[in-house]
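Peer 1: Below are the structure tokens for one structure; questions will follow.
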């Protein structure tokens, strides 16, 4: 029983144009044709097409698939191992690309949509020598502190904590035209301190060391921190001091 090309396309979810192309490259030729030249297929052709689709979904090229299905001496085990290695490498490359795109999106949020600042800072971030960075971290922080380091927000992060920290810094940056004691600014500082307590409660020594490093341009560069302007850091510190002063309340002399 013959299967018309349009029926084959419908049953496999492929286009007639693709089936004609497969015929032109000798990947899948019809078993017969009508007097009018329409391609006709049989069940074996359908099975072969399903095999082609299967291997195509595994990432093989059409040239490779044609060889696989026609070459009796084809080394299937080695071919599958090679393809698996290729897919793993490609997956790593795509994961790296995804991290870079996520980092740029997060940076764009923090920089309030300023594309030039975003690009300049990400280019700066990409320059540090990784071995030097690791050595500087190990010399600056204890083993226990390095474990806490893993909880810090990351520009490439897609976790809720990283995303909230990025949003909070972006919000604070957008408020720099207001005084540090402005209610909106103080609300951002309040939430920052809440998150700080949630993630690093009782680790004041680590946080103090981290802040000192953050305020030092050289240390920030050495540690691979996302570049933040000194003006923003000073503004954040001033807003923090006001928040803590208000929190402690006025003192009364007897």
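Quick note: the coordinates plus some simple rules give every number you see, no bench work behind them. All values reported here derive from a predicted model rather than from experimental measurement. Note that we place each Cβ from the backbone using ideal geometry, even for glycine, and neighbour counts take in every protein chain shown.
Peer 1: Most fluctuating residue of 61, 174, 99 in a GNM of the chain with Cα springs under 10 Å: which is it?
Peer 2: Of 61, 174, 99, the most mobile in the Gaussian network model is 61.
Peer 1: Okay, moving on. Taking the chain as a Gaussian network, where each spring joins two C-alpha atoms under 10 Å apart, which residue of 157, 37, 224 fluctuates the most?
Peer 2: 37
Peer 1: Any idea what the relative contact order of the stretch 109-254 is, in percent, if you count C-alpha pairs under 8 Å spaced at least 6 apart?
Peer 2: That works out to 32 percent.
Peer 1: Turning to a different aspect of this structure: Could you tell me the relative contact order of the stretch 139-211? Use alpha-carbon pairs under 8 Å, at least six residues apart, and round to a whole percent.
Peer 2: The normalised contact order for the stretch 139-211 reaches 23 percent.
Peer 1: Further question on the same structure: Hey, what number do you get for the chain at 222 nm if only DSSP H runs of n ≥ 4 count, each worth -39500 (n - 2.57), divided across all residues, to the nearest 500?
Peer 2: -22000 deg cm²/dmol
Peer 1: Using alpha carbon centroids, what distance separates the stretch 23-84 and the stretch 4-18, in Å?
Peer 2: The stretch 23-84 and the stretch 4-18 have Cα centres separated by 15 Å.
Peer 1: Compute the label zone of residue 88 within the stretch 58-76: residues whose backbone N is under 17 Å from the point 7 Å along Cα-to-Cβ.
Peer 2: Label zone hits: 59.
Peer 1: Moving on to the next point. Among 142, 24, which comes first, then next, by fewest other beta-carbon atoms within 10 Å?
Peer 2: Listed from fewest to most nearby Cβ atoms, that is 24, 142.
Peer 1: Mean-square fluctuation check for the chain, GNM, Cα pairs under 10 Å: which of 236, 192, 14 is largest?
Peer 2: Per the Cα network of the chain with a 10 Å cutoff, 14 tops the list.
Peer 1: Multiply the residue separation of residue 237 and residue 15 by 0.36 nm, subtract the distance between their alpha-carbon atoms, and state the gained length in nm to one decimal.
Peer 2: Taking 0.36 nm per residue and subtracting the Cα distance, the gain is 73.6 nm.
Peer 1: I would also like to ask the following. Quick check: convex hull of the Cα atoms in the stretch 3-70, volume per residue, rounded to a whole Å³?
Peer 2: Spread over its residues, the Cα hull of the stretch 3-70 gives 80 Å³ apiece.
Peer 1: By how many degrees, between 0 and 90 and to the nearest 10, does the Cα long axis of helix 183-200 differ from the longest principal axis of the chain?
Peer 2: So the helix axis and the longest Cα principal axis differ by about 70 degrees.
Peer 1: Which ordering of 55, 200 is given by a fewest-first count of other beta-carbon atoms within 10 Å?
Peer 2: 200, 55
Peer 1: So how do 41, 226, 86 line up by other beta-carbon neighbours within 10 Å, fewest first?
Peer 2: Ordered by Cβ neighbours within 10 Å, fewest first: 86, 226, 41.
Peer 1: While we're on this one: Between 0 and 90 degrees, rounded to the nearest ten: what's the tilt of helix 130-140 against the longest Cα principal axis of the chain?
Peer 2: Once rounded, the angle reads 30 degrees.
Peer 1: Among (i) 17.5, 55; (ii) 30.2, 112; (iii) 17.1, 50, find the value of Rg and Dmax of the Cα atoms in Å that was calculated from the structure presented, and write down its label.
Peer 2: (ii)
Peer 1: Compute the helix-to-body angle for 43-57: its Cα long axis versus the longest principal axis of the chain, expressed 0 to 90° and rounded to tens.
Peer 2: That helix lies at roughly 20 degrees to the long axis.
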